[in-house]
1. With +1 on each Lys and Arg Cβ and -1 on each Asp and Glu Cβ, how big is the dipole of region 3-273 about its Cα centre, in debye rounded to the nearest 20?
2. Check which residues have an amide H placed less than 5 Å from L99's amide H, if you skip close sequence neighbours.
3. Please sort 185-193, 50-58, 97-105, 221-229 by packing, taking for each peptide the average over its residues of neighbouring beta carbons within 10 angstrom, highest first.
4. Between rounded, prolate and oblate, where does region 27-109 land on the alpha carbon gyration tensor, with a ≥ b ≥ c its root eigenvalues, rounded for a/c under 1.5, else prolate if a/b exceeds b/c?
5. In debye, nearest 20, what is the charge dipole magnitude of region 207-259 about its Cα centre with +1 on Lys and Arg Cβ and -1 on Asp and Glu Cβ, if you could check?
6. Near K100, which aspartates and glutamates are there with a Cα under 12 Å away, not counting those fewer than 8 places off in the same chain?
7. Looking at the chain, what % of its DSSP beta bridges pair antiparallel, to the nearest 5?
8. A 29 angstrom limit on the alpha carbon distance is what I want to check against. Which of K69/K232; K68/K200; K2/K165; K200/K232 exceed it?
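The values are calculated or read from the model by the stated rules, or taken from the named source; none is laboratory data. Bear in mind the structure is a predicted one, so any value in this text is a computation, not a measurement. Quick reminder, even Gly has a Cβ in these numbers, built from the backbone with ideal geometry, and neighbours come from all protein chains shown. Remember, those area values only see protein heavy atoms, side chains included, never the ligands or the DNA or RNA. Shrake-Rupley method; radii C 1.70, N 1.55, O 1.52, S 1.80 Å.
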Amino acid sequence: MKNILVVQDISCFGKCSTTVALPIISHFKLTASILPTAILSTHTGPDFPGYVMTDLSQHMRATIAHWKKLGLQFDAVYTGYLGNASHIDLLIEALPYLLKDQGLLFVDPVFADQGEFYAGFDASYVEAQSDLIAISDYLLPNYTEACLLTGQDFSHDDPSPLAIKSLLESLQAMGTKNAIVTGIHRGQEIGAVMLGQDQKVYQSFAPYVDQMFSGTGDVFASVFVGECMQEKILSAQAVLDQSVTFVYQAIQATLSDSDPINYGIHFEHVLNGLSSSQ
Ligand code: PXL
């Protein structure tokens, strides 16, 4: 059974990062292992002021040393919210031991959205993420993160196809093999655009719901990783379509529920509709 290492925080309330990645990756009949970077009482969104965070650097270091001793290795490593630059350095040093020979590295940089950094991040963190991006197979930033990573201006207007292509090329020039930018607006739609290793551009869009949902990037990336790691190789277009459609369906399920939106999107309602080939 393929084993995917999820390296992210555990937010105990407000569905995102590890608590989203585990059920989705398991749904694809993949083993999901975790290397938690921090434990937080909630995610850091503005609706949860006063969140508490425990840094797990020491535990990360000890875990990596233990796994190294045992020779435990993974078919893929999927990184999301890493919390600080030292976690990134630690991971980069450990990756040669953690990843199998043909193992894949998926990097969702997770540090900003809507043109703004998340709490606790700044330009030095972007710099640290760049080192991880340089060795990644798949890079999955949202539009804000893609602009901050490449030094391009963030625009609240719909980016032109030419601007998107140039953004993707700049991301690929950072060293990743496949660049995927999420949260791209196109009229009444929102979606993801990808520049593949084959130098082809793929895109997928769904209707846009004009509200701010948290954790959508984590849901997207978890489905994307799950799809890519199936035994049966799917086309890049199929992976993108399924990931975009799934997020849209999960948003619809969230809207039909009375929970506050900042609790996270209710992907559980639509998980059974997600096809897994193994
Ligand atoms: O959804 C990304 C994410 C993950 N982890 C934490 C966060 C966020 C976004 O705000 O705060 C702790």
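1. Details: 11 positive and 29 negative charges, 168 e Å.
Charge dipole of region 3-273: 800 debye, to the nearest 20.
2. Close amide H contacts, sequence-distant or interchain: F74.
3. On the way: 185-193: 17.6, 50-58: 12.9, 97-105: 15.4, 221-229: 25.7.
So the order, starting with the most tightly packed, is 221-229, 185-193, 97-105, 50-58.
4. Values: a/c = 2.14, a/b = 1.61, b/c = 1.33.
Here region 27-109 falls in the prolate category.
5. Working: 1 positive and 7 negative charges, 33 e Å.
The dipole of region 207-259 has a size of about 160 debye.
6. D75
7. Numbers: 18 of 38 bridges.
Antiparallel bridges make up about 45 percent of those DSSP assigns within the chain.
8. On the way: K69/K232 32 Å; K68/K200 38 Å; K2/K165 33 Å; K200/K232 21 Å.
Exceeds cut-off: K69/K232; K68/K200; K2/K165.
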